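This report refers to the structure that appears directly beneath it.
The values are calculated or read from the model by the stated rules, or taken from the named source; none is laboratory data. From a predicted model like this one, the values you see are computed outputs, not experimental measurements. We place every Cβ from the backbone using ideal geometry, glycine too, and count neighbours over all the protein chains shown. With ligands, DNA and RNA removed, areas are computed over all heavy atoms of the protein, side chains included. Shrake-Rupley method; radii C 1.70, N 1.55, O 1.52, S 1.80 Å.
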Amino acid sequence: MLKKTTVKTIEKMYNNGEKIAVLTAYDYSTAKYIDEAGADIILVGDSLANVALGYNSTQQVGMTEMLIFTGAVARGAHRAFVIGDMPFMSYNVSIEEGVRNCGDMLRAGANAVKIEGCNDYILSLIKRLTDAGIPVLGHLGFTPQSINTLGGYAVQGKTEDTLEKMLEQARALEKAGVFAIVLEMVPEEGGKYITENINIPTIGIGAGKYCSGQVMVSDDMLGKFSDYQPKFVRRYADIKTVVLDSVKEYCADVKSGDYPSADEVFKLEEKEKSKLNVGS
Ligand code: KIV
């Protein structure tokens, strides 16, 4: 019997100094394999806007899509802890709407939600969510939903004062009740500084090796998404080439008549066949 990962398992891993392996997934089959292969956490990231839906910004995905994809992933993940990423503006309009949308994410099958940023409003929302029994993963550093106010896709916390501000925010998130914090695109020394000065795990993506765990977009690490490749991505497979080669071979087999073969068709019984004027 597989033991489901919980916030308590994650806390124990952190206390034992065991690194936490996190990957994104957006569909049932991929989630099933990532779960079977041993990832601790599966994040249904709003990165699905780019890698699964072909939008050019995460701001273009909403609750309707996130709930569908989260349900699919949750059905495939028997052991891994599943986190639903709260999409742009699904939690920013009011605390009530945010709590309701996060509740829907858990109803779809997530075990927790991820919320970007830190300000007084976000801290109040996190308190309400954790009081309501909804675990929250924070997200600091580069927060893609704020790309327009951040002024573009860029490493965050490049100076002592911006890192001090990030640490202040990390501590506030910890106090508000998040169980861990994603640090995205932060210099490695900054990732270390924050990790060493808070008491909950940090999950890095482009934030260096000192974070308590790492997260990567599965389509990036599997070589499936190829529109662009961030510096921090390590490629473990080349799914794009597997798909291209397989599809080329399939098309050639169809056009040459090699597919389907005798083993790949259904046949009439002889007595039925004899009634029809068809050959072999
Ligand atoms: O949407 C996403 O995939 C994310 C992670 C990469 C942190 O937010």
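A few remarks follow.
- Residues in the stretch 221-270 that are hydrophobic (A, V, I, L, M, F, W, C), touching a residue at least 12 places away in the same chain (Cβ under 8 Å) and in a loop (DSSP other than H, G, I, E, B) were compared, and the one that is surrounded by the fewest Cβ atoms within 10 Å (Cβ to Cβ) is ALA237.
- Taken over the stretch 39-61, the criterion of being more than 30 Å from LYS3 (Cα to Cα) and not aliphatic (A, V, I, L, M) is satisfied by ASN50, GLY54, TYR55, ASN56, SER57, THR58, GLN59, GLN60.
- Sub-6 Å Cβ pairs linking a first residue in the stretch 201-215 that is closer than 16 Å to GLY157 by Cα to a second residue that is away from the ligand (no atom under 12 Å from the Cβ) and open to solvent by 10 Å² or more (accessible area, probe 1.4 Å), at least 6 apart or interchain, are THR202/THR195; THR202/SER212; GLY208/GLU188; TYR210/LYS192; TYR210/THR195; CYS211/THR195, ordered by first then second residue.
- Subset of the stretch 56-69 (residues that are surrounded by 15 or more Cβ atoms within 10 Å (Cβ to Cβ) and within 13 Å of the ligand (Cβ to nearest atom)): THR58, GLN59, GLN60, VAL61, GLU65, MET66, PHE69
- Extreme residue, surrounded by the fewest Cβ atoms within 10 Å (Cβ to Cβ), among residues of the stretch 130-150 that are touching a residue at least 60 places away in the same chain (Cβ under 8 Å) and aliphatic (A, V, I, L, M): ILE147
- All positions within the stretch 165-183 that are exposed (fewer than 13 other Cβ atoms within 10 Å of the Cβ) and not basic (Lys, Arg): GLU168
- Yes/no for MET89 being hydrophobic (A, V, I, L, M, F, W, C) and open to solvent by less than 30 Å² (accessible area, probe 1.4 Å): no
- Some residue of the stretch 112-129 being in contact (Cβ under 8 Å) with a residue 24 or more places away in the chain and either more than 25 Å from LYS165 (Cα to Cα) or not assigned by TED's automatic domain parsing to the domain that holds THR58 (or both): yes
- Residue match in the stretch 37-54 (condition: on the phi < 0 side of the Ramachandran plot, buried (at least 16 other Cβ atoms within 10 Å of the Cβ) and touching a Pro at 6+ places or on another chain (Cβ under 6 Å)): yes
- Of the residues making up the stretch 207-220, those that are part of a loop (DSSP other than H, G, I, E, B) and more than 9 Å from the ligand (Cβ to nearest atom) are ALA207, GLY208, LYS209, TYR210, CYS211, SER212.
- The helices (runs of 4 or more DSSP H) found wholly in the stretch 70-163 and carrying at least 1 residues that are more than 16 Å from the ligand (Cβ to nearest atom) and under 24 Å from GLU196 (Cβ atoms) occupy 120-131.
- Test: residue in the stretch 37-54 that is under 14 Å from ARG79 (Cα atoms) and touching a helix residue (DSSP H, G or I) at 6+ places or on another chain (Cβ under 6 Å): yes
- Here the stretch 13-53 is the region considered, the condition is being of a type in the set (Gly, Ala, Ser) and without any contact (Cβ under 8 Å) to a residue 60 or more places away in the chain, and the residue that is nearest to the ligand (Cβ to nearest atom) is ALA49.
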